[in-house]
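These notes are about the structure you will find just below.
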Amino acid sequence: MTMEAPREVIVGDRFSIAVNVDVPDGASNFSFTVYYDAALLKFVSARQGDFMAQGSAIARLSIEPNIVEGILGFKLEQDGGPPVGGAGGVVVVEFEAVADGRAPTRIALAQVSISTGDDRAVPYQTPKDVLLIVKR
């Protein structure tokens, strides 16, 4: 699992972070939490990535935002069918930079769970945090 994001943004910019996976043997369900600094970044929106679509799978994305604490809980669940294998985006999160920071701000991915439709765990590599510089 990886996150793609810009290295630097300017206050007022809107930018996206892509959460990507590479699961050759297939997966049907994803859940994870994104942590960010709510004093510097404002959550704008989130949408499903292209991973499930590549297998013609129908999936539901649910989001539990806590914008005060800077916590976004995500679940992407496939509605039947065989697990989807390969690489692609699970979710794309859009933020707006609302204040500058003295040091890079961290965006972290945690509480990750990836499984097949019959609840077998799918191995994954722990994602690295994103360090983002917000400037005026």
Inset, instruction - Determine whether Ala39 is outside any strand (DSSP E or B) and among the aliphatic types (A, V, I, L, M). - result: yes
Inset, instruction - Working only within the range 18-39, note down all residues that are more than 14 Å from the chain's Cα centre (by Cα) and small (Gly, Ala, Ser). - result: Gly26, Ala27, Ser28, Ala38, Ala39
Legend entry - Within the range 66-82, considering residues that are under 18 Å from Ser113 (Cα atoms) and surrounded by 14 or more Cβ atoms within 10 Å (Cβ to Cβ), the one farthest from the chain's Cα centre (by Cα): Gln78
Inset, instruction - Assess whether Asp22 counts as being touching a residue at least 60 places away in the same chain (Cβ under 8 Å) and of a type in the set (D, E, K, R). - result: yes
Inset, instruction - Quick one: Ser113 ticks every box in (1) in contact with a Lys or Arg (Cβ under 6 Å, 6 or more places away or on another chain); (2) of a type in the set (Ser, Thr, Tyr); (3) under 20 Å from Tyr124 (Cα atoms) except a single one, so which number is it? - result: (1)
Inset, instruction - Look through the range 13-45, keep the residues that are of a type in the set (A, V, I, L, M) and in contact with a Leu (Cβ under 7 Å, 6 or more places away or on another chain), and return whichever of them is farthest from Thr2 (Cα to Cα). - result: Val34
Inset, instruction - Sort through Ala59, Ala38, Ala99 and tell me the only one that's surrounded by 19 or more Cβ atoms within 10 Å (Cβ to Cβ), small (Gly, Ala, Ser) and farther than 17 Å from Ala121 by Cα. - result: Ala59
Legend entry - Condition check for Gly85: under 17 Å from Val122 (Cα atoms), over 16 Å from the mean Cα position of the chain (by Cα) and modelled with pLDDT under 95: yes
Legend entry - Glu94 more than 16 Å from Phe32 (Cβ to Cβ), at pLDDT 95 or above and outside any loop (DSSP other than H, G, I, E, B): yes
Inset, instruction - For Gly73, state whether it is in a strand (DSSP E or B), in contact (Cβ under 8 Å) with a residue 24 or more places away in the chain, in contact with a Gly (Cβ under 7 Å, 6 or more places away or on another chain) and not polar (S, T, N, Q). - result: no
Inset, instruction - Hey, can you tell me all the residues within the range 68-86 that are of a type in the set (Val, Ile, Thr) and over 16 Å from Leu41 (Cβ atoms)? - result: Val84
Inset, instruction - Keeping to the range 7-35, report how many residues are buried (at least 21 other Cβ atoms within 10 Å of the Cβ), more than 12 Å from Ile107 (Cβ to Cβ) and in contact with an Asp or Glu (Cβ under 9 Å, 6 or more places away or on another chain). - result: 2
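The values are calculated or read from the model by the stated rules, or taken from the named source; none is laboratory data. These numbers were taken from a predicted model, which means no experiment stands behind them. A quick note on method: Cβ atoms are made from the backbone with ideal geometry, for glycine too, and the neighbour counts reach across all protein chains shown.
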